1. Answer yes or no as to whether B:L163 is part of a helix (DSSP H, G or I) and away from every other protein chain (no Cβ under 14 Å).
2. Hey, can you tell me all the residues within the stretch B:117-159 that are open to solvent by less than 20 Å² (accessible area, probe 1.4 Å) and not in a loop (DSSP other than H, G, I, E, B)?
3. Would you point out which residue out of B:A36, B:A40, B:A10 is free of Cβ contacts under 8 Å to residues at least 24 places away in the same chain and more than 19 Å from B:E107 (Cβ to Cβ)?
4. Determine which single condition A:E16 fails, assuming it passes every other condition in (1) out of contact with any Cys (no Cβ under 9 Å at 6 or more places or on another chain); (2) assigned to a helix (DSSP H, G or I); (3) surrounded by 14 or more Cβ atoms within 10 Å (Cβ to Cβ); (4) modelled with pLDDT under 90.
5. From the list B:A95, B:A116, B:A83, which residue is out of contact with any Asp or Glu (no Cβ under 8 Å at 6 or more places or on another chain) and in contact (Cβ under 8 Å) with a residue 40 or more places away in the chain?
6. So, in the stretch B:93-116, of the ones that are exposed (fewer than 14 other Cβ atoms within 10 Å of the Cβ) and within 14 Å of chain A (Cβ to nearest Cβ), which residue ends up nearest to B:L162 (Cα to Cα)?
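The values are calculated or read from the model by the stated rules, or taken from the named source; none is laboratory data. Being a predicted model, the structure only gives us computed values, none of them experimental. Here the Cβ positions follow ideal geometry from the backbone for every residue, glycine too, while neighbour counts run over all protein chains shown. Note: accessible area is taken over every heavy atom of the protein model, side chains too, but ligands, DNA and RNA are not part of it. Shrake-Rupley method; radii C 1.70, N 1.55, O 1.52, S 1.80 Å.
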Amino acid sequence: MRSSAYPEETCYHERELLLSLSTALHDMSQPLTSVVFAIELSGLDDNDESRRMMLSSARTECNRVLEQVAHMRVICEELLQHANAAQEVA
Amino acid sequence: MQVLIVEDDAALSLFLRKGLELEGHTAVCVDNGDAALEVAHRDSPDLIILDLNLPRRDGVEVLQEVRANSLNSSVLVLTGRGAVEDKISCLDMGADDYLLKPFSFYEMLARCRALARRRHREPTSSVVQHGILQLDRMTRLVTLAGSEVELTGKEFALLDYLLQNRGRAVSRPELLSNVWKMSPDAGTNVVDVYVNYLRRKLQNGDTPDLIETVRGEGYRIRPISITDAPLKKASAIASGNGPSTFAGAA
């Protein structure tokens, strides 16, 4: 349980971070869908060049997913630091 | 099937288009809400695949406006918002189906097919709703903001034709040919006269005329915007404007 000494602005910042986490999770759904699509479509296309393009696009979209995951990891780190600080205060 | 893809993520939009085209559909892509409404009005696509997070005008507004204008397109909403409340509000606002990202291309295709089947099964409604204006072909009743508007046979046919072609300007020759069954080059101003009769009968407070003149083109039903002023009590004139009997129609 949080101490009453836990600053109000810290609570506000935590809420902001949680909101950012939720937004990042939502943003990740775009490239994730693209990866699924690119892989599925590459299986539908008989043209080798077109298939190669699709798989290349899937790799690019994987990079976008990784960027979002990295962003989410940074937010989680910060949230964890806040949680540790709160425990020390308590 | 003619499909309008409304998605601001360029990569996803491209994949959606490519996949639909591989399946034999025709797809048009736009990346914002304003363009979506423009194309929806112009092309009346069979299906609109609509992302909710869009620049300028978000997907919810697009959905509301599509339904306010009674466009007959099916709407499949794509979103990353997975809360039950989001799904319920989208379906209640008139979405025909809802897909949560990430999803499989094959699942999306199956849902498109289901929507197409549903469209074929549903009989075309006899009621046309355009914002506060409602026209019922079965009962031949026209109401404006709930108040009945008395129209002559030709006025009814003219309004019906304009509503069927909402989203585009209809030329005088086309109206002469399709509503009056006259030669398109007949030298008569009967169309202008009847449009004026209709305008007077469909007046509603200070809101702009429901029938717009498009210079050099003809007439068009004004698209209803959800940002339009709140509805005012209809001041529809029930009689005294224009001919009041079918026999009076040209």
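1. Details: part of a helix (DSSP H, G or I): yes; away from every other protein chain (no Cβ under 14 Å): yes.
It is true that B:L163 is part of a helix (DSSP H, G or I) and away from every other protein chain (no Cβ under 14 Å).
2. Kept after step one, since they are open to solvent by less than 20 Å² (accessible area, probe 1.4 Å), are these residues of the stretch B:117-159: B:128, B:130, B:133, B:135, B:142, B:144, B:149, B:152-153, B:155-156, B:158-159.
Answer for the stretch B:117-159, where residues must be open to solvent by less than 20 Å² (accessible area, probe 1.4 Å) and not in a loop (DSSP other than H, G, I, E, B): B:V128, B:H130, B:L133, B:L135, B:V142, B:L144, B:V149, B:G153, B:E155, B:F156, B:L158, B:L159.
3. On the way: B:A36 fails: free of Cβ contacts under 8 Å to residues at least 24 places away in the same chain; B:A40 fails: free of Cβ contacts under 8 Å to residues at least 24 places away in the same chain.
Answer to the selection: B:A10.
4. Against the list (1) out of contact with any Cys (no Cβ under 9 Å at 6 or more places or on another chain); (2) assigned to a helix (DSSP H, G or I); (3) surrounded by 14 or more Cβ atoms within 10 Å (Cβ to Cβ); (4) modelled with pLDDT under 90, A:E16 comes up short only on (3).
5. Working: B:A116 fails: out of contact with any Asp or Glu (no Cβ under 8 Å at 6 or more places or on another chain); B:A83 fails: in contact (Cβ under 8 Å) with a residue 40 or more places away in the chain.
Every option except B:A95 fails the conditions.
6. B:A110
Residue-by-condition table, conditions (1) under 10 Å from the mean Cα position of the chain (by Cα); (2) modelled with pLDDT under 90; (3) of a type in the set (A, V, I, L, M); (4) open to solvent by 90 Å² or more (accessible area, probe 1.4 Å):
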position: A:T23; (1), (2), (3), (4): yes, yes, no, no
position: A:D27; (1), (2), (3), (4): yes, yes, no, no
position: A:D45; (1), (2), (3), (4): no, yes, no, no
position: A:D48; (1), (2), (3), (4): no, yes, no, yes
position: A:E61; (1), (2), (3), (4): no, no, no, no
position: A:R64; (1), (2), (3), (4): yes, no, no, no
position: A:E67; (1), (2), (3), (4): yes, no, no, yes
position: A:L80; (1), (2), (3), (4): no, no, yes, yes
